[in-house]
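All remarks here apply to the structure that follows.
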Amino acid sequence: MTGPNGAGKTTLLRLLAGLLEIDSGELTRQGRCGWFAFRSLSLMDRLSGMEHIKVLSSVYGESHEQYLSHWKQLEGFQEMLETDLGHCSQGMKALLGLYSSILSLPETLLWDEPFSALSPFNQNLLSLNWCDFTGARTLITTHHGQIPEGFTEVAL
Amino acid sequence: MIFILIKTILKFFIKEEYPRWYGGFLEVLSTLLMLATFWFTSKAYAPANLDQQGYFAYLLIGELCLHLPFSILFQGIRLMKRLGLSGVVDQLLVAQNSLFRLVFCFLSIYFVKGIIRLFLLILSAGLFFELPFPIAMTPKFFFLQVIVFFPIFFLSFSVGSIVLFWGRGENIWGQISSWLSFLSGAYFPILIFPVWIQSLLPVINPFALYLEICRRLLRQDGLSLFTYEWIGIFCWFFFFILATVVTFRFGLSAYRKRGPPNSYSF
């Protein structure tokens, strides 16, 4: 989904995620969803990214190892895993947020402006190898001009 | 699964809470400083009806009994706010996972931390000052802490839901807690208040009831379940469960209507 600021991209995504109630009409969700919206604050600042992931994955009780090796190809991901979150950059925290959204092994991913904090290299690597990284159908919001190469379809 | 979650959180909790090697040492030091403060306060300001040691015992028992409930209460509120600010709440809601379970696991670990702190207090008081009750009473006292964890957990989750979903209430709850602590009889007997306040306290302050149960236990009067204070505690427990259900459901509904709060009170 692309559009200018204030167009309602995030609102629509929150509606689809079930984080906002619809005023009228009908909305049916099937299967489990994963959610990402960038937040700069982390749950526990003194834990490394890997420790953070271990805590969150024990919440969901699912094995996510099959995706980890792919994500390690992203710039800054390995460093984020080893660094205390209090010392991580915004981009590294965004990577953690994105990875956290797949920990429940969702069938659908809803990502709100995931590319804002990612480097062009990471944007391209992610978008060209989407299935390897997430294993889920994904709906993302982004600004005009931020659509990386791998995306050929614009839903809205 | 819940045990795996608690085990995982516990593994990293120590690093989060005590990031420096001297963290444990500072905990011991702060315990000793607190006891010294109680000791000299009691020396200077012992009420007419209590000698110095009697007042030291009074203050120490007040601290021992109320430390854990207030600690759980505040940690729960802080945790839920942090879960909201870090986006974990949204992720859990979308994945239809249980926020309740996650908060319970975290607070269970804060409970263990609180128990260690109480153990330190009792040990330090016994070694360097004076333990105001027989050491044999300690297991019963810790058992009482386990019982009180559950109502406090529900209270904490309920207040935390208000803070999380509306972004308000943390500061005012800090003020209310100070008053509840003041009016519980932790620092002086509630008999000094006018009779109408004394009669009102059990209705407005569950901590006063709980403290009375603790004092009675440590005076070796037993843990009879059919006392007026226990009945009051059970009533409060059911009220907290109800409050949790109401605040969480209404809070979540408001959150889904209006979206996340624009700001959180700090």
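The values are calculated or read from the model by the stated rules, or taken from the named source; none is laboratory data. Quick caveat: nothing in here was measured; it's all calculated off a predicted structure. Virtual Cβ from ideal backbone geometry, glycine too; neighbours counted across all protein chains shown. We work out accessible area using only protein heavy atoms, side chains counted, and drop any ligands, DNA or RNA first. Shrake-Rupley method; radii C 1.70, N 1.55, O 1.52, S 1.80 Å.
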Limited to the range A:12-47, what total is found for residues that are touching a Gly at 6+ places or on another chain (Cβ under 9 Å) and hydroxyl-bearing (Ser, Thr, Tyr)?
1
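Here is a yes/no grid of residues against (1) modelled with pLDDT of 90 or more; (2) assigned to a loop (DSSP other than H, G, I, E, B):
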position	(1), (2)
A:Leu81	yes, no
A:Gly86	no, no
A:Ala94	yes, no
A:Leu98	yes, no
A:Leu105	no, yes
A:Trp111	yes, no
A:Phe115	no, yes
A:Cys131	no, no
Can you name the number of the only condition in (1) open to solvent by less than 30 Å² (accessible area, probe 1.4 Å); (2) at the interface with chain B (Cβ under 10 Å from one of its Cβ atoms) that A:Gly86 fails?
(1)
Just one listed residue, out of B:Ile213, B:Ile241, B:Ile162, is at pLDDT 85 or above, of a type in the set (A, V, I, L, M, F, W, C) and in contact with a Lys or Arg (Cβ under 8 Å, 6 or more places away or on another chain), and it is B:Ile162
State the number of residues belonging to the range A:1-45 that are part of a loop (DSSP other than H, G, I, E, B) and either over 18 Å from B:Arg256 (Cβ atoms) or among the basic types (Lys, Arg) (or both).
18
Please indicate, with yes or no, whether at least one residue in the range A:58-74 is open to solvent by 10 Å² or more (accessible area, probe 1.4 Å), at pLDDT 90 or above and either closer than 27 Å to B:Leu99 by Cα or outside any helix (DSSP H, G or I) (or both).
yes
Given the conditions (1) under 30 Å from B:Phe240 (Cα atoms); (2) open to solvent by 20 Å² or more (accessible area, probe 1.4 Å); (3) more than 14 Å from chain A (Cβ to nearest Cβ), every one holds for B:Leu59 apart from (2)
In the range B:152-184, what residues are touching a Gly at 6+ places or on another chain (Cβ under 9 Å) and either aromatic (Phe, Trp, Tyr) or surrounded by fewer than 17 Cβ atoms within 10 Å (Cβ to Cβ) (or both)?
B:Phe153, B:Phe157, B:Phe165, B:Trp166
From the residues in the range A:46-57 that are open to solvent by 10 Å² or more (accessible area, probe 1.4 Å), free of Cβ contacts under 8 Å to residues at least 40 places away in the same chain and facing chain B (nearest Cβ under 7 Å), which one is nearest to B:Leu99 (Cα to Cα)?
A:Lys54
Select from the range B:1-25 the residues that are among the aromatic types (Phe, Trp, Tyr), open to solvent by less than 80 Å² (accessible area, probe 1.4 Å) and in a loop (DSSP other than H, G, I, E, B) and list them in ascending order.
B:Tyr18
With the structure loaded, tell me whether B:Pro47 is touching a residue at least 40 places away in the same chain (Cβ under 8 Å), out of contact with any Leu (no Cβ under 6 Å at 6 or more places or on another chain) and surrounded by fewer than 16 Cβ atoms within 10 Å (Cβ to Cβ) or whether it fails that test.
yes
Taking the conditions exactly as written (open to solvent by less than 10 Å² (accessible area, probe 1.4 Å), touching a Ser or Thr at 6+ places or on another chain (Cβ under 7 Å) and not hydrophobic (A, V, I, L, M, F, W, C)), does A:Gly91 satisfy them or not?
no
Hey, could you check the range A:3-57 for residues that are β-branched (Val, Ile, Thr) and under 30 Å from B:Glu16 (Cα atoms) and say which is nearest to the chain's Cα centre (by Cα)?
A:Ile53
Inter-residue pairs, beta-carbon under 7 Å, first within 7 Å of chain B (Cβ to nearest Cβ) and under 13 Å from B:Leu79 (Cα atoms) and in the range A:31-45, second buried (at least 17 other Cβ atoms within 10 Å of the Cβ) and among the β-branched types (Val, Ile, Thr), 6+ apart
A:Leu43/B:Val88
Mind listing just one residue for me: the one in the range B:92-114 that is open to solvent by 40 Å² or more (accessible area, probe 1.4 Å) and touching a residue at least 24 places away in the same chain (Cβ under 8 Å) and, of those, farthest from the other protein chains (Cβ to nearest Cβ)?
B:Val112
Looking at B:Ile152, is it part of a helix (DSSP H, G or I), under 13 Å from the mean Cα position of the chain (by Cα) and at pLDDT 90 or above?
yes
Inside the range A:121-135, the number of residues satisfying the requirement of being closer than 17 Å to A:Leu105 by Cβ, surrounded by fewer than 20 Cβ atoms within 10 Å (Cβ to Cβ) and not aromatic (Phe, Trp, Tyr) is 3
Conditions first: (1) open to solvent by 60 Å² or more (accessible area, probe 1.4 Å); (2) closer than 24 Å to B:Phe237 by Cβ; (3) assigned to a loop (DSSP other than H, G, I, E, B). B:Tyr187 passes all but one, so which condition is the exception?
(2)
Just the residues that are aromatic (Phe, Trp, Tyr), under 28 Å from B:Phe40 (Cα atoms) and surrounded by fewer than 21 Cβ atoms within 10 Å (Cβ to Cβ), please, taken from the range B:190-219.
B:Phe193
Can you name the residue in the range B:67-91 that is among the small types (Gly, Ala, Ser) and modelled with pLDDT of 90 or more and is also least open to solvent (accessible area, probe 1.4 Å) among such residues?
B:Gly76
